[in-house]
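In what follows, a single structure is set out as structure tokens and then discussed.
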Amino acid sequence: MMKEWSKPTRLQIYSFVYAMPVVAFLANYILYDERIFRDINVWLISYPLIIILCLGFWRVHLIIGNWIKYRYPKLEQTRIRILICSLCIIPVMSASVLLINYFYDFLHILGYELNQTDLKQGLFVGFSIILVFETLYEADYALGKYKETVEDKRVMQELSVFQEFDALKSQVNPHFLFNCFNTLSSLISEDKEKAEHFLNELSKVYRYLLRNNQNELSTVQDEIKFIESYFRLLQTRHGEAVQLNMEIDKMYTPYLLPSLTLQLLVENAVKHNALSKNKPLVIDIFTTAGNRLVVNNNLQRRTVKAQGNKIGLENIKAKYELLHQDGFHVIEDEKNFTVVLPLIWNSNNETSASRTLNAGTKNKLTS
Amino acid sequence: MRILIVEDEELAVKKLTRMLLSIDPGLEIAAVTDSIVSTTGWLKNNEHPDLILMDIELSDGQSFEIFRRVEIKCPVVFTTSYDETAVKSFNLGEKEYLLKPIQKDELAFFLKKYSSSTQVSDT
């Protein structure tokens, strides 16, 4: 099976088909000079031969060039891509020109004999060809990449709007808030100090929920802090029936992940599992080598399955796809439910990385 | 009067118990169960109480499932924090419910309603 990067693009095929007659003419002109206008054999034998040889060299060039694009695909890597491309393609081109000349000389095709002028001219033509076409291919690639980036950004924003709705529906509005009110109401009569703590955490949680509806990405540090507050609310309600263990390597705190991901996973765990003191629901959140954040819980299915949609999980998955981050996994066996989240390096290292939705999409939401 | 409390949040149980006893210090909390499984088990092995106060969202699912598993021979008043619509959509003879946080006078109303009926049968 052909690898994706070894296939020529449409532009590459067209450019070969259209440029080859001219290139073959130039090559033969270099090899046989004025004879090309007199000797029909040059056209019958050498001309097709050059085309066949060039077809081979063209393929080699493409595989190298496309492989480099495959290895350094990003728009930000354009400089390194062009540098490496030049370093590889120029020697290969030179070798191709030398090979053609020595091949012709070796077989004495139509009485050809090697000379320095031919080599120089050949290298000059070869260099011109790759200069024109590699530039063309690179421009085509970069333009395509640019379009893709713009499109990805748009879809990402749309997804965020969906999640915003989701979050508004599932957290900001009904159940959770009302349940918290109840707990608060019980606490006020049972334990006033606890009630105050609870209310503090509740406002922290809602502040974060509302603010982060607008950000696509948040730092591990912020998400963890938030989930701690969120969990304290859960624990006040469910007591020892729910447990949370966190082990976060400090080096990962500035990394990014899609906002509210942890909250969604913890909420799902509580929603889909039976909680009891004897069999507590244990949620583990920890980082592992290779920039991964893992959320794991023991599975103890409810007697009656909770009505749930997998939209939340699908949403997270889609976000990672748009961010071109591999490594999002959901692993489910009889005992555990595990979600592996790739952490994204925060290249800006500022909160600016958690981009804000533009005004247009916001209007869509409020209208 | 014997009452069964079906509720999975300890805090809510504490508060409800206190409120019940403040309305009628003489009533008996027959038991507190917190899930579909434990409630069904209790109802199968014990004499049914005079009234069940039943939370809808239990730790292992919605409490309506209990009705499919065991025949309940006493009145049930649902307690719910949000979705009273769930009570309405569930096809039961009695559709009485209390919205949480439970108001003392509303709770007293149901206690009075069902204690008088049991007192009649007791005497």
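Tabulated data for the structure shown
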read-out: Those trypsin sites (Lys or Arg not before Pro) in region A:1-92 that DSSP places in a loop and that have at most 13 other beta carbons within 10 Å; value: A:LYS3, A:LYS74
read-out: Top positive-direction residue, dipole computed over region A:174-366 with Cβ charges, set A:LEU262, A:ASN179, A:ALA274; value: A:ASN179
read-out: Descending principal axes extents, region A:174-366, alpha-carbon based, whole Å; value: 48, 40, 34
read-out: For A:184-190, mean number of other protein chain Cβ atoms within 10 Å; value: 5
read-out: Shielding by other protein chains, B:63-73, mean Cβ within 10 Å; value: 1
read-out: With 5 Å bins from 0: P(r) over region B:2-118, alpha-carbon pairs, percent; value: 2, 11, 25, 27, 22, 12, 2
read-out: Cβ neighbours within 10 Å from other chains - mean over B:4-13; value: 5
read-out: Carbon and sulfur %, accessible surface of region A:4-150 computed with the full protein complex present, 1.4 Å; value: 71
read-out: Sites A:LYS277 and A:ARG211, calculated FRET efficiency, Cβ-Cβ separation with R0 41 Å, nearest 0.05; value: 0.75
read-out: Evaluated at q = 0.08, 0.11, 0.14 Å⁻¹: base-10 log I(q)/I(0), Debye formula over Cα of the protein assembly as shown; value: -0.67, -0.96, -1.28
read-out: For region A:55-174, alpha-carbon Rg and Dmax in angstrom; value: 24.1, 90
read-out: Fraction of beta bridges assigned by DSSP in chain A that are antiparallel (%, nearest 5); value: 80
read-out: Chain A - mean residue ellipticity at 222 nm from DSSP helices (-39,500 (n - 2.57) per run, n ≥ 4, rounded to 500); value: -21000 deg cm²/dmol
read-out: Accessible area in square angstrom per residue, region A:174-366, 1.4 angstrom probe; value: 50
read-out: Once exposed loop GluC sites (Glu not before Pro) are cut out (DSSP; at most 12 other Cβ, 10 Å), longest piece of chain A; value: A:114-333
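The values are calculated or read from the model by the stated rules, or taken from the named source; none is laboratory data. Remember, it's a predicted structure, so these values are computed and weren't measured experimentally. Neighbour counts are summed over all protein chains in view; Cβ atoms, including those assigned to glycine, are modelled from backbone coordinates with ideal geometry. The area values use the complete protein model at the heavy-atom level, side chains included, leaving out ligands, DNA and RNA. Shrake-Rupley method; radii C 1.70, N 1.55, O 1.52, S 1.80 Å.
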